[in-house]
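The values are calculated or read from the model by the stated rules, or taken from the named source; none is laboratory data. Predicted model only: the values in this text are computed from it and were never measured. Note: accessible area is taken over every heavy atom of the protein model, side chains too, but ligands, DNA and RNA are not part of it. Shrake-Rupley method; radii C 1.70, N 1.55, O 1.52, S 1.80 Å.
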Amino acid sequence: MSRTIIFCMFFFCSTMVLTADADCRRSRTVTYRQIHQKIKQLETMVKDKDAELLHTPENPVEACLYTAVTCFKKGIQKLQPASSQDNAKFTKAIRIVSKLTCRDAGEQCEYTCESYEKKTPKEFLKSFANLMQMLFKN
């Protein structure tokens, strides 16, 4: 009887370890889809003229995914709506995108957020959307 219980506990624990998310790529797909949609929505609402340029990671290597996501999360807080009419939708979209989580894979990344080129808010959001699509595929 005790062997059966121990086996069941071992089986349950090993199943949980196998399904646990180890990095950005293994998080819930639904969350990524929601965040990707909100990023696309923000592209139409963001103030692009006379706006602060933002550090924009492009095509980050595997070891730098955590750094890139962190950089995007910092930059997203600096975005401003193009018109005050979009303020409520804009704020809600920012809140949802800010919920993106990514575990540090523990690999050493040679880049910091400040080492990425600064770009306009729309280019920043397009690059963020591309990163999300890259994470989707895998």
Convex hull projection area averaged over all views, region 48-138, Cα basis, nm²: 6.0 nm²
Kirkwood hydrodynamic radius (C-alpha pairs) into Stokes-Einstein, region 70-115, 20 °C and 1.002 mPa s, D in µm²/s: 171 µm²/s
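Please state, as a whole number in µm²/s, the translational diffusion coefficient that the Stokes-Einstein equation yields for region 48-87 at 20 °C and 1.002 mPa s, with Rh defined as the Kirkwood radius across alpha carbon pairs.
Taking Rh from Cα pairs, D becomes 183 µm²/s.
Leaving out ligands and nucleic acids, note down the accessible area per residue over region 51-97 with a 1.4 angstrom probe, in whole Å².
Per-residue accessible area for region 51-97 comes out at 55 Å².
With a 1.4 Å probe and every protein chain kept in, tell me what percent of the accessible surface of region 27-121 is carbon plus sulfur.
Ligands and nucleic acids excluded, carbon and sulfur reach 45 percent.
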